[in-house]
């Protein structure tokens, strides 16, 4: 069974509030109170049933000059990614690769937040490289390649085997892709 979880991490900042729930209700609460109640809606449902929404509010106070950015991490994680057919009637549960480094989705998000500036710089450097490479054709082509790369990354699932006892096998790594871009840019984007 594939289980979906959402992890949210942010440094504790005065004035930062969140809530999940029905979109219209969250808007009403924010309009009336100017903040959100830090609550989680546990009534899971389809997206078309009272539009489930995750909302954030950060009261900045009077903005008189440039301030530090408000950084939030929202991770949509699945620990068990898929069933992989090893042979006839022998499905293998594939787990998310991040579990080789972190104990949970929340731990991975916390690590990302601690390393946010580095991750931002790496991402910006990749965008600049793509802009140089693809921009030689045209600016529009550069934008298209940047969006395509994001879609390619989003279409990847890096997995590890999950043993019968529930533990992970970090030596059994598989990458499932919806397309292929790794040979061109290599591991430099990691």
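The values are calculated or read from the model by the stated rules, or taken from the named source; none is laboratory data. Treat the numbers as computed from the prediction; the structure is a model and nothing was measured. Here the Cβ is made from the backbone with ideal geometry for all residues, glycine too, and neighbour counts use every protein chain on show.
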Filter the range 85-100 down to residues that are surrounded by fewer than 17 Cβ atoms within 10 Å (Cβ to Cβ) and modelled with pLDDT of 80 or more and give me whichever is farthest from residue 154 (Cα to Cα). 91
Among the numbered conditions (1) outside any strand (DSSP E or B); (2) within 27 Å of residue 164 (Cβ to Cβ); (3) touching a helix residue (DSSP H, G or I) at 6+ places or on another chain (Cβ under 6 Å), tell me where residue 77 comes up short. (1)
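Within the range 159-171, restricting attention to residues that are modelled with pLDDT of 90 or more and surrounded by 15 or more Cβ atoms within 10 Å (Cβ to Cβ), which residue is farthest from residue 83 (Cα to Cα)?
Kept after step one, since they are modelled with pLDDT of 90 or more, are these residues of the range 159-171: 159-161, 165, 167-171.
Okay, now just the ones that are also surrounded by 15 or more Cβ atoms within 10 Å (Cβ to Cβ), so 159-161, 168.
On the way: 159: 11, 160: 11, 161: 10, 168: 14 Å.
The extreme case among them is 168.
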Residue among 61, 87 that is out of contact with any strand residue (DSSP E or B) (no Cβ under 9 Å at 6 or more places or on another chain) and within 23 Å of residue 31 (Cβ to Cβ): 61
